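Note sheet for the following structure.
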Amino acid sequence: MSENLPKIGVLGLGFLGKTLLREHAFSPDSWGTWRESRVAGLALAQHCFDWDNPESFHQLPNDNAVLVLTIPPVEKNLEDEALRLQAWGAWMQQNRPQQQRLIYISTTGVYSWQERLWNEDMPLSPDAPSGQLRLKTEQVLCEFFKVQVLRPGGIYGPGRNLVERLKVGKGIPATPGLTHRIHVCDLAGIVVWLVQHPEGPGCVNAVDQEARPSWEVAEWLVQHHPKLTPEMLPERPESLSPGNVPKRRIDNQRLLREMRYELRFPTFREGLRPH
Ligand SMILES: NC(=O)c1ccc[n+]([C@@H]2O[C@H](COP(=O)([O-])OP(=O)(O)OC[C@H]3O[C@@H](n4cnc5c(N)ncnc54)[C@H](OP(=O)(O)O)[C@@H]3O)[C@@H](O)[C@H]2O)c1
């Protein structure tokens, strides 16, 4: 049976990496990497790996796993990061030649804040340095691997979401404008879809059906979530009043129409509903 299961190697067992390996079946010789501490309760092999330290590259198994790269950029400077990525890519080609496929978890931050509907095929010029770093990463990785890029919106799910923030009195993220989201279980499901479809799209936006400013979601939550009350809502800063919301939108038609991916949590309402 397991002969037909895909073999993956997850670089970075964070929120997404753990969800992916916990919720989906992979070949038993699949693996993941940790940096500071091993992940408890995972049946698959784990290797200690620091992307910032070339000496640790040897820790990666020499096999034909499909790589899923969840680690964010290391350097702050664009040129430094490009050089670092080129050195890693060249090392991988030389020393891990069978690992040719890589699914890269990027971000919708590669799209600028210009008010329009952004799809995967548009030319990009990110506003923020973080978006520029991500775009550069996408581009450099393509020089060394057969890459499929996933661009998620804000990733939320069990233990990391607005309900938890409100419960402990943390502020609402001060992102101006519409926030596009994706539940971590859906994101993991989309990764699996890409692993199973090497001929699938080279780039796909991973956002759900209803982008809303975080403040609107918080206002909805204090009305509808049994563990929250309206008093838990912090005061909304003037700069984030509804009239000031930029209307950048991220297109998800490739995900929903072309790939026919069915979201388990189409909006934050399903995703944040208490179980
Ligand atoms: N959170 C969001 O809303 C959002 C939105 C769009 C895109 N993204 C991006 O999507 C990706 C997956 O998200 P996530 O929520 O799963 O992220 P996450 O929980 O922060 O996981 C990232 C993983 O990368 C590891 N890592 C970081 N730097 C490393 C290094 N130099 N060498 C080796 N491992 C390293 C982390 O290990 P440690 O635990 O040791 O730090 C962690 O296991 C990330 O790149 C994230 O930036 C996130």
Original post:
What tally of residues in region 65-81 results from selecting those that are within 13 Å of the ligand (Cβ to nearest atom) and of a type in the set (S, T, N, Q)?
Top reply: 1
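Report, by residue number, each residue of region 103-132 that is in contact with a Pro (Cβ under 9 Å, 6 or more places away or on another chain) and within 14 Å of the ligand (Cβ to nearest atom). Talk me through it step by step, then tell me what you get.
The first filter runs over region 103-132 and keeps only residues in contact with a Pro (Cβ under 9 Å, 6 or more places away or on another chain), leaving 105-115, 120, 130, 132.
Hits for region 103-132 are I105, S106, T107, T108, G109, V110, Y111, S130.
Can you tell me how many residues in region 125-146 are of a type in the set (S, T, N, Q) and either touching a Lys or Arg at 6+ places or on another chain (Cβ under 7 Å) or assigned to a loop (DSSP other than H, G, I, E, B) (or both)? I'd like the intermediate steps shown before the answer.
If we filter region 125-146 for residues that are of a type in the set (S, T, N, Q), which is where we start, we get 125, 130, 132, 137, 139.
Filter again for either touching a Lys or Arg at 6+ places or on another chain (Cβ under 7 Å) or assigned to a loop (DSSP other than H, G, I, E, B) (or both), leaving 125.
So the count comes out to 1.
So how many residues does region 43-63 have that are within 12 Å of the ligand (Cβ to nearest atom) and among the aliphatic types (A, V, I, L, M)?
Here is the first cut: in region 43-63, the ones within 12 Å of the ligand (Cβ to nearest atom) are 46-54, 56-57, 59-60.
Retained after the next criterion (residues that are among the aliphatic types (A, V, I, L, M)): 60.
The total comes to 1.
Residue check: is L135 touching a Pro at 6+ places or on another chain (Cβ under 6 Å), closer than 19 Å to G202 by Cβ and within 16 Å of the ligand (Cβ to nearest atom)? Give the derivation first.
Values: touching a Pro at 6+ places or on another chain (Cβ under 6 Å): yes; closer than 19 Å to G202 by Cβ: yes; within 16 Å of the ligand (Cβ to nearest atom): yes.
Yes.
Quick note: the coordinates plus some simple rules give every number you see, no bench work behind them. Everything quoted here is computed from the prediction, not taken from an experiment. With ideal geometry, Cβ positions are generated from the backbone for all residues, glycine too; neighbour counts draw on all protein chains shown.
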